1. With the other protein chains left in place, how much accessible area per residue, in square angstrom, belongs to the chain at a 1.4 angstrom probe?
2. Taking only DSSP H segments of four or more residues, each worth -39500 (n - 2.57), what value at 222 nm results for the chain once the sum is divided by all its residues, to the nearest 500 deg cm²/dmol?
3. Based on Cβ point charges of +1 for Lys and Arg and -1 for Asp and Glu, what charge dipole magnitude is obtained for the chain about its Cα centre, in debye rounded to the nearest 20?
4. Could you list, bin by bin from short to long, the percent of Cα-Cα pairs of the chain in 10 Å steps?
5. If you add up the charges near H57, with Lys and Arg at +1 and Asp and Glu at -1, over every other residue whose beta carbon is less than 13 angstrom from its beta carbon, what do you get?
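The values are calculated or read from the model by the stated rules, or taken from the named source; none is laboratory data. Keep in mind that what you see is a predicted model, and the values were worked out from it rather than measured. Here the Cβ is made from the backbone with ideal geometry for all residues, glycine too, and neighbour counts use every protein chain on show. Keep in mind that these areas ignore ligands, DNA and RNA; they rest on the heavy atoms of the full protein, side chains included. Shrake-Rupley method; radii C 1.70, N 1.55, O 1.52, S 1.80 Å.
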Amino acid sequence: MDYYQIWCDLKDGVRDLDFCANVGRYLGHLREKELIEGHRLTRRKLGLAADGLGEFHIVVETRDMAQLEQAFQSVATRAPEIEALHGAVYSAVRNLKFALYRDFPDSFRHTGGDGSRAETAP
């Protein structure tokens, strides 16, 4: 599984529950179209986070990079339905940070004869 991660803060005047609902509609739509496997929205607690990370954290789960690319291509069409859903989220945020992580060790990872798993370049 790959995890596309987004950290952000809300723009002034954006209501947190409206943002939550819009994220649910947008990513729920991508899930219904089988462009993602799932998502999670979390909010920083007690002000604890690494420097520079936003108050909100969105994790988008995909099977692999191919599915993530399909999701990106779908959004990039800017078709009216997806543009409205994406715009309701994107227009509400600032201070965006992104990351891409994967489950590790990968299911296809070759292990050495002794069972060790030495990390190599991605």
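1. On the way: 8220 Å² over 122 residues.
That works out to 67 Å² for each residue.
2. On the way: 3 runs with 40 residues, N = 122.
That comes out to -10500 deg cm²/dmol.
3. Numbers: 16 positive and 19 negative charges, 62 e Å.
Dipole about the Cα centre, nearest 20: 300 debye.
4. Bin by bin from 0 Å, the calculated values are 12, 38, 30, 14, 5, 1.
5. On the way: positive: R40, R43, R44, K45, K97; negative: D9, E55.
Net local charge, H57 excluded: +3.
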